[in-house]
Amino acid sequence: MTHRTHQSSTTQQRISNFLYPANPLGAGAIPERFIEFCQHSTENVRGNRLYTELAFQAGMNNTGFDGADGDLLEVKAPDDEDIIPIQPVASERPVVAIDTSTIKLGELAAGSLCALRGAVVLLDKNRYRYVRYGPLVFSLGHNSYAALQDFADLGLITQFTGEPNVDGLLKRIRNALERWIQFNVSSSTTDAFILIDGSLTAGTPDNPTRDVERMLEAARRNRSIVIAISKKTKLHIQDRSITDLVEQRTQPCLIDVDQEITDQFPAYPVRFLGRVFVGKLARSAFAFRVDVDREIPLQQTVKGICELTGTDIVDQGYPETLRLAHILSTFTASDVIGMQAFAAARFGVQLIPKLALRRSLFGPFGTAWEAWH
């Protein structure tokens, strides 16, 4: 453990940044349709008032749920023979992790000013490198017809179960960029582990099946394995998360719960494109839901997980490449202030602190927690 911690500190000092389109990670430039969407969406905000929060709230970033419905499942308690032990095996295969993040910079009279950022982190030959996409600043209005037209121009699905809102539109844009990055990386990386935040569940309006299938097919052509890791899951056994199945285990292990879970879901429209596991990737670590491309044979999947844990740092059970991708894509308070200042200088928006109604009414009893609701 001491050696691996030292390795973490020394390799992180060697992180290097590549921002130009043709870079050693093989990641391409942002599609022109995204750039045009950002430019078009901000044309009408010039001179408008932008109501900003008095203090940056970390909770404004993405929550990272796995996309599954919150159904109660029937899963039997695992026996010893159900436990798949994980023994780290050193490998020369590269590890690539992808994550994205969105945030609201403030409220407009008829919508919100938002920002989007993505990050790709590569571990190869004991060296971490990364590419950052963005931040991209754009606006989303409450006018559903205009918003749907913008989404049609982006090539995104426009069917909404109800009246589209800013939060729903923001999630749709984030997913679109994330899937593009994932496909781009899967198409340009060979014989690698590709890590993504979330799950391989698809078939919802926010997460079209065709996009996930295209990414997985590109990875298979290049002999890469796609692994999705969920920090939060809505899959529960009675009143407990499915990750509780391995909570009492100390050694690295996996439990294959795929058959029991998929049997309890209808085949359409939601599809589980990954084999579902629950596991710990390090000793005495946190438990996660782990999805692996279900076209990969089980024996090869287990071997790949062992190689991943022997190649990347998995402190607390979470791969370091994916941790870095999250950190590099997440917005900080300084980022928000800088982008708000950019909006004021570039678009002439007037920055006005948003009225803290609870604080005005209740004084010190209007807590920060209440302000989020």
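Taking the options Arg275, Arg289, Arg294, Arg323, name whichever one is modelled with pLDDT of 90 or more, more than 23 Å from Pro205 (Cα to Cα) and of a type outside the set (A, V, I, L, M). Even if it seems obvious, please write down each step before you answer.
Numbers: Arg275 fails: more than 23 Å from Pro205 (Cα to Cα); Arg289 fails: more than 23 Å from Pro205 (Cα to Cα); Arg294 fails: more than 23 Å from Pro205 (Cα to Cα).
Criteria check complete, one pass: Arg323.
Do we find that Thr243 is assigned to a helix (DSSP H, G or I) and polar (S, T, N, Q) in this structure? Working first, answer last.
Working: assigned to a helix (DSSP H, G or I): yes; polar (S, T, N, Q): yes.
So Thr243 passes the test.
What are the residues in the stretch 220-273 that are acidic (Asp, Glu), under 26 Å from Asp191 (Cα atoms) and in contact (Cβ under 8 Å) with a residue 60 or more places away in the chain, if any?
Asp256
Quick check on my filter: what residues within the stretch 231-244 are more than 26 Å from Asp99 (Cβ to Cβ) and either buried (at least 19 other Cβ atoms within 10 Å of the Cβ) or under 24 Å from the mean Cα position of the chain (by Cα) (or both)? Walk me through it before giving the result.
Initial filter on the stretch 231-244 (more than 26 Å from Asp99 (Cβ to Cβ)): 237-240.
The one that is more than 26 Å from Asp99 (Cβ to Cβ) and either buried (at least 19 other Cβ atoms within 10 Å of the Cβ) or under 24 Å from the mean Cα position of the chain (by Cα) (or both): Arg240.
Looking only at residues that are touching a residue at least 12 places away in the same chain (Cβ under 8 Å) and either basic (Lys, Arg) or assigned to a helix (DSSP H, G or I) (or both) in the stretch 274-299, which one is surrounded by the most Cβ atoms within 10 Å (Cβ to Cβ)? Break it down into steps so the answer makes sense when it comes.
The first filter runs over the stretch 274-299 and keeps only residues touching a residue at least 12 places away in the same chain (Cβ under 8 Å), leaving 274-296, 298.
Within this subset, residues satisfying the condition of being either basic (Lys, Arg) or assigned to a helix (DSSP H, G or I) (or both) are 275, 280, 283, 289, 294, 298.
Values: Arg275: 22, Lys280: 25, Arg283: 14, Arg289: 27, Arg294: 18, Leu298: 13.
Ranking the qualifying residues of the stretch 274-299, first place goes to Arg289.
Can you find a residue in the stretch 181-198 that is modelled with pLDDT of 90 or more, surrounded by 17 or more Cβ atoms within 10 Å (Cβ to Cβ), of a type in the set (Phe, Trp, Tyr) and not in a loop (DSSP other than H, G, I, E, B)?
Yes, the stretch 181-198 contains a residue that is modelled with pLDDT of 90 or more, surrounded by 17 or more Cβ atoms within 10 Å (Cβ to Cβ), of a type in the set (Phe, Trp, Tyr) and not in a loop (DSSP other than H, G, I, E, B).
Please go through the stretch 245-263 and pick out each residue that is surrounded by fewer than 13 Cβ atoms within 10 Å (Cβ to Cβ) and closer than 20 Å to Val292 by Cα. Quick ask: steps written out before the conclusion?
The initial filter retains those residues of the stretch 245-263 that are surrounded by fewer than 13 Cβ atoms within 10 Å (Cβ to Cβ), namely 247-248, 250, 259, 263.
Correct list: Gln259, Asp263.
The values are calculated or read from the model by the stated rules, or taken from the named source; none is laboratory data. It should be emphasised that the depicted structure is a prediction, and the values quoted were computed from it without experimental measurement. Every residue, glycine among them, receives a Cβ derived from its backbone with ideal geometry; neighbour counts consider all protein chains shown.
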